[in-house]
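The values are calculated or read from the model by the stated rules, or taken from the named source; none is laboratory data. Not measured: the values here are computed from a predicted model. All Cβ positions, glycine included, derive from the backbone under ideal geometry; neighbour counts span all protein chains shown. Protein only, heavy atoms only, side chains kept; ligands, DNA and RNA dropped before computing areas. Shrake-Rupley method; radii C 1.70, N 1.55, O 1.52, S 1.80 Å.
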Amino acid sequence: RNSAPTRYCEGAKVTNSVVAEGCVIEGTVENSVIFRGVHVGKGTVVRNSILLQDTYVGSNVTLNCVITDKNVVIKDGRILSGYETMPFFIGKGVTV
């Protein structure tokens, strides 16, 4: 699909990550892969994770070793963590 470039808002920080087009990054992303159309909310920290297409992550969320399928919604204030050898997986279209 033909998406706009990713928008990095004021205060966003991305290190050692791959971010596709069409995303909105307001928080921090470290050591992660972010697919098209993902939204990372303000105050959110995403580490060591893979967020598939059109995942929405709200504000003040902490994700570590998390894999989301397409169209997942993670509401404000959630803390989700897996382990390097056993990541936390969220299935397609699920709201957490």
Taking amide H atoms as placed 1.01 Å from N in the peptide plane, list the residues 5 or more away in sequence, or in a different chain, whose amide H sits under 5 Å from that of residue 42.
60
Percent relative contact order for the chain, counting Cα pairs under 8 Å at least six residues apart, stands at 18
Using a probe of 1.4 angstrom, how much of the accessible area of the stretch 52-96 is carbon and sulfur, in percent?
54
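Which whole-number value in Å² is the accessible area per residue of the chain, probe 1.4 Å?
Details: 5340 Å² over 96 residues.
With the other protein chains kept in place, the chain gives 56 Å² per residue.
For the stretch 2-46, which GluC sites (Glu not before Pro) pass both filters: DSSP loop (anything but H, G, I, E, B) and at most 12 other C-beta atoms within 10 Å?
10
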Check residue 72: other-chain or 5+ apart residues with amide H under 5 Å from its amide H, H built from backbone geometry?
55, 56, 93
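Quote the relative contact order of the stretch 1-46 in percent (integer), defining contacts as alpha-carbon pairs under 8 Å separated by 6+ residues. Let's see the in-between values first.
Details: 101 pairs, mean separation 15.5, N = 46.
Averaging sequence separation for qualifying contacts and normalising by length gives 34 percent for the stretch 1-46.
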Using percent of Cα pairs over 17 Å apart as the read-out, say which of (i) 62; (ii) 49; (iii) 40 was calculated from these coordinates.
(iii)
Mind checking the dipole of the chain: about its Cα centre, +1 per Lys or Arg Cβ, -1 per Asp or Glu Cβ, Debye to the nearest 20?
160
5 angstrom amide H check on residue 14, placed H, neighbours 5+ away:
29
Under 18 Å between alpha carbons - lysine pairs in the chain that sit 8 or more apart or on different chains:
4
